[in-house]
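What follows is a set of notes on a single structure, which appears directly below.
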């Protein structure tokens, strides 16, 4: 990973110096272990603050919506797929972007690591596939694969799908990954079991909307949750309203979600809401063999139709 | 007031006695994160956590709270008229909260208990709640209470302060409410007050030495508000913000709320829910005009309110107790400690301040 | 989901009766029903 | 403990359409419990929260003057959820009013002074309250000259038409009405925007003349330079602000502009105060 950040810095500096772009969006060092802060570099000087490591799980495409400047953007696999979706949905123009692609070997899950050590963490470093966690009176090493974010463990698009230049060599994609094991397990439940499962899954929800606001797909000026004429969803903490919010938000991501995990990473109470979006991702891939954000010249599944589309559900 | 020595052996039995007259609440470890929960029979608080994920504010000021009920049914005598609720908050006690959360209630009380208007819901719940704090012995890296007006053994806002001495607790009552609480328990063994005081001081200063995080607020009071408001660093501070409500919901000193009516068939409730200045809807006018329509304005508002407007309005320090929850919960790591440094010296903040 | 042209009246009747029976057998919905706002 | 969120129950006594397109209606309310009317003693410039049961509350300026007994009057524009429902209600319906809220126009300071009222659109409500209050026989002598400038977008959007005509006929008040556009042939008032009218017909500013300005942001933006040119000191220009509100009593945190809360420290501020505050309204 370390070579990558030098390449990113050097590219960013060149782009800004040659006025190819007005700003470069990337990450800068966070103030907590395992945290980085999305950052906009406006001058060559700012670029020195940029970092790249296994804590860059927030999807930077989220910061592109409706921007007018020329932007250099650092993009790992899922970010690049969301940039493709953004361009297809006219939220940003391809010519505005200079994409610095970063082949990714997965981002680590700070919630998972904190739960495994259960004591305060002072520093987390990474060295050749191992994650070293130093904290109050302990020093532990994990295999990186053990502590990956759930989505990164199942990722099959680690290399960026769209880029102007690369900040590192392409990595080998993960093979024969079963992305939908958990989803089939839920589908196999009886209705009551499933109801109980979702009750437990969504009960801690605070309605803070971090999942919606961290998601690059959610850019509606007025979300259906904030609409009062008509009022679709109650504002209280009733389970019916929380379910309505989560299920309807997931439906809005059907055929668009790239499973970048920003929603799960942002949730302050640790809800695995990707169980909802991946069901719709599974349907899209099984029914329409569609994977979102892979190429600029294919319209998204719910935006077009083909004559040979399966219609077994139409009687 | 008599200081009580609670032998750990008698801890559980004392709690059971208290459960007869108080609803007891305390931290419970729910899949790796601590939350305040009601302690049922034979349940004791789990005091091994550093601090709870959600602050204790939800115990006095629930996220969703009924204010009135009403009926729209025409043949009801008082249809369409708002009826206050007749249920009053039960006597309850929170055991094992941290001193910073208790201090937070005092900061929030200034908003709900004003000379002109008194909020009955908040005040009645607050007065029915006894706050039993556990002094911090090893604060974490994001705790900056000592420079935010509180401290690991601060007694501000607490009714009783406990100090863990391995095989017994020192229980020092601070208010009459605290003394009444201790007398309702079965813990009767008294302890030398000055010895207890010495232990508390020692434990407090030992913990204070372990604190590694500080903020500086000395200039905030005298700076002209608009000078900080117009400082150049707000664009940089707010860029990463995704405007979710996490920081305001986990914060013990945030109090903003929204009022909503919800009707089902003919009956309904006027309720209030936590709201957040981070949401665009918070300031949206009916005409569509939004005085804080941009993200930078909303992020600036949150920090200006906590570290400047509150200081000017009540002339009594910042609206923050340094618990660090917003720092730990923010998905994009916006850090109030960094922003406070910028606000404390707006003049030398360059545009892309690091 | 059924696709019925405006000319296919019989198919329309058939689908409508089938759906009505299915709903009747399911009975009243018990999930996600709010009969009053859940508040503290 | 007194509950400041509990509205006084009221009954709609009379509804009149102020605009031809029926998007602005005046409502007269009568308190169901007579003693509530005393508790609701208010001063011109204050507002109240109109509580429509089942929909919510809206902060609206009190249009009636304290000198008008037996009812309180509000003029409401049909904008959102609550106001739209209110516009569908009929005489006799029950709802609630909470207040009086906020501060009021500085009547102690205005005593013995000339008052120039400049209003725009339907923000004229608290100004109507002030005019009726000043013209009341008991109060008229307390004030010098009274000038009223009212700008509306088109003739169909002129509110309080009969009252304005009646005031126009009086000799102790100068009423100047203008419409930005007037396609209606028998429109007998001026045409053009209110700032230019105020500039032409407005009295010169001196330390005994105060301007009370209330209207949409665009009108405020173009009126202020005119008042500056006429020499008004900024503490002689009195404004009334509007912000999103929920509690109306300074607790819920919605309406702040900088440190000040529009509902409790306002809604009335002098321009001198506003110049020192953040512009978040």
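Yes/no matrix, rows are residues, columns are (1) in contact with a helix residue (DSSP H, G or I) (Cβ under 8 Å, 6 or more places away or on another chain); (2) within 12 Å of chain A (Cβ to nearest Cβ):
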position	(1), (2)
B:237	yes, yes
B:280	yes, yes
B:287	no, no
B:293	yes, yes
B:299	yes, no
B:302	yes, no
B:313	no, no
B:320	yes, no
B:331	yes, yes
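Filter the stretch D:35-53 down to the residues that are within 14 Å of chain B (Cβ to nearest Cβ), out of contact with any helix residue (DSSP H, G or I) (no Cβ under 9 Å at 6 or more places or on another chain) and part of a loop (DSSP other than H, G, I, E, B) and list them by number.
Of everything in the stretch D:35-53, just one residue is within 14 Å of chain B (Cβ to nearest Cβ), out of contact with any helix residue (DSSP H, G or I) (no Cβ under 9 Å at 6 or more places or on another chain) and part of a loop (DSSP other than H, G, I, E, B), namely D:53.
From the residues in the stretch A:102-131 that are out of contact with any helix residue (DSSP H, G or I) (no Cβ under 6 Å at 6 or more places or on another chain) and in a strand (DSSP E or B), which one is surrounded by the most Cβ atoms within 10 Å (Cβ to Cβ)?
Step by step, filter the stretch A:102-131, then rank; the result is A:124.
Can residue B:129 be described as on the phi < 0 side of the Ramachandran plot and modelled with pLDDT under 95?
no
Residues that are more than 15 Å from the chain's Cα centre (by Cα) and modelled with pLDDT of 95 or more: list the helices (runs of 4 or more DSSP H) wholly contained in the stretch A:237-311 that include at least 3 such residues.
Output list reads A:239-252, A:274-288.
Tell me which of these residue B:70 doesn't satisfy, since it passes every other one: (1) outside any strand (DSSP E or B); (2) modelled with pLDDT of 95 or more; (3) farther than 15 Å from residue B:125 by Cβ.
(1)
Show the residue pairs meeting these rules: Cβ distance below 8 Å; 6+ apart or different chains; first residue within the stretch B:256-267 and more than 7 Å from every other protein chain (Cβ to nearest Cβ); second residue surrounded by fewer than 20 Cβ atoms within 10 Å (Cβ to Cβ).
The qualifying pairs are B:265/C:35; B:266/B:72; B:266/B:73.
Report yes if residue B:179 is away from every other protein chain (no Cβ under 14 Å), in contact with a strand residue (DSSP E or B) (Cβ under 8 Å, 6 or more places away or on another chain) and either in a helix (DSSP H, G or I) or farther than 21 Å from residue B:96 by Cα (or both), otherwise no.
Answer is yes for this residue.
Considering only residues that are away from chain B (no Cβ under 14 Å) and crowded, with 22+ Cβ neighbours inside 10 Å, which ones fall in the stretch D:77-114?
Hit for the stretch D:77-114 is D:105, nothing else.
Has the stretch B:259-273 got at least one residue that is closer than 23 Å to residue B:307 by Cα, outside the structural domain of residue B:107 (by TED's automatic domain parsing), modelled with pLDDT of 95 or more and crowded, with 21+ Cβ neighbours inside 10 Å?
no
May I ask you to say which residue of C:30, C:25 is in a loop (DSSP other than H, G, I, E, B) and either over 14 Å from the mean Cα position of the chain (by Cα) or loosely packed, with under 11 Cβ neighbours inside 10 Å (or both)?
C:30
Does any residue of the stretch A:209-230 turn out to be surrounded by 19 or more Cβ atoms within 10 Å (Cβ to Cβ), more than 19 Å from the chain's Cα centre (by Cα), assigned to a loop (DSSP other than H, G, I, E, B) and assigned by TED's automatic domain parsing to the domain that holds residue A:79?
no
Would you confirm whether any residue within the stretch B:115-132 is crowded, with 17+ Cβ neighbours inside 10 Å, within 14 Å of another protein chain (Cβ to nearest Cβ), assigned to a strand (DSSP E or B) and out of contact with any strand residue (DSSP E or B) (no Cβ under 6 Å at 6 or more places or on another chain)?
yes
Within the stretch D:263-281, take every residue that is assigned to a loop (DSSP other than H, G, I, E, B) and at the interface with another protein chain (Cβ under 10 Å from one of its Cβ atoms) and give me the one that is nearest to residue B:295 (Cα to Cα).
Looking at the filtered set, the residue picked out is D:280.
Answer with yes or no whether residue A:132 is outside the structural domain of residue A:15 (by TED's automatic domain parsing), in contact (Cβ under 8 Å) with a residue 40 or more places away in the chain and either farther than 30 Å from residue B:57 by Cβ or in contact with a strand residue (DSSP E or B) (Cβ under 6 Å, 6 or more places away or on another chain) (or both).
So residue A:132 fails the test.
Return a yes/no flag: does the stretch D:217-233 have any residue that is within 14 Å of chain B (Cβ to nearest Cβ) and in contact with a helix residue (DSSP H, G or I) (Cβ under 8 Å, 6 or more places away or on another chain).
Checking the stretch D:217-233: at least one residue is within 14 Å of chain B (Cβ to nearest Cβ) and in contact with a helix residue (DSSP H, G or I) (Cβ under 8 Å, 6 or more places away or on another chain).
The values are calculated or read from the model by the stated rules, or taken from the named source; none is laboratory data. Quick caveat: nothing in here was measured; it's all calculated off a predicted structure. As a convention, Cβ positions derive from the backbone with ideal geometry for all residues, glycine included, and neighbour counts pool all protein chains shown.
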